[in-house]
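Scroll down for the structure; my scribbles are underneath it.
The values are calculated or read from the model by the stated rules, or taken from the named source; none is laboratory data. Worth saying up front: this structure is predicted, and the values here are computed from it rather than measured. Positions of Cβ are backbone-derived with ideal geometry, glycine not excepted, and every protein chain shown enters the neighbour counts.
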Amino acid sequence: KAFAADQERKAAQQKKDEEPEKEGVFTGAYALHPLTGQKVPVWAANFVVSDYGTGAVMSVPAHDQRDFEFARKYGLPIKTVIGPKDGSPLEAEELTAAFGDDGVMHDSADFSGLDSEEGRKKVAEALKAKGLGGPAVTYRQRDWGFSRQRYWG
């Protein structure tokens, strides 16, 4: 609660065009990875986009720049699961930025060796088979007033 109150105070003081410093706090809780059963620490962070998606956020520091910077700041582990298409190794310790390109999955159990696009589909199918989710389309509906001006002037 103290972290959330502190972030609200900082947001009120911050200018609109200013990028806030990435901050977070370990909640003391853990989530279980749905496919591996591995315990994953749960953090609260100030750079999460709360009005996008479902409200539950997963961090992928090796493959998202914001998550990469956060993990480096707090000394969190970084695990690469997608590497270059040429199959060359991608060591987390040597990364200076997140690897955000499509490539080949590795260290991903049954999904290792798959092209990342195909891997995403297979992961969604595996989650659906376990009754834990599956592929979904997220629609972003704009306010009617803005849409009306765009289409009818």
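Quick notes on this one:
- Residue within region 47-56 that is assigned to a loop (DSSP other than H, G, I, E, B), loosely packed, with under 13 Cβ neighbours inside 10 Å, on the phi < 0 side of the Ramachandran plot and over 13 Å from the mean Cα position of the chain (by Cα) present: yes
- Residue selection: S112 fails the criterion of being in contact (Cβ under 8 Å) with a residue 12 or more places away in the chain and either among the hydroxyl-bearing types (S, T, Y) or exposed (fewer than 11 other Cβ atoms within 10 Å of the Cβ) (or both).
- Scan of region 93-117 for residues that are outside any loop (DSSP other than H, G, I, E, B) and among the β-branched types (V, I, T), ordered by number: V104
- Filter result for V123 (outside any loop (DSSP other than H, G, I, E, B), in contact with a His (Cβ under 7 Å, 6 or more places away or on another chain) and either closer than 27 Å to A4 by Cβ or in contact (Cβ under 8 Å) with a residue 60 or more places away in the chain (or both)): no
- Criterion applied to V137, V60 was being of a type in the set (A, V, I, L, M, F, W, C), at pLDDT below 95 and closer than 22 Å to V42 by Cα, and the one residue passing it is V60.
- Subset tally (residues that are surrounded by 13 or more Cβ atoms within 10 Å (Cβ to Cβ) and at pLDDT below 90) for region 67-106: 2
- Some residue of region 77-90 being part of a helix (DSSP H, G or I) and not basic (K, R): no
- Hits in region 17-44 (condition: among the aromatic types (F, W, Y) and in contact with a helix residue (DSSP H, G or I) (Cβ under 9 Å, 6 or more places away or on another chain)): F26, W43
- Residue in region 116-127 that is at pLDDT below 90 and among the polar types (S, T, N, Q) present: no
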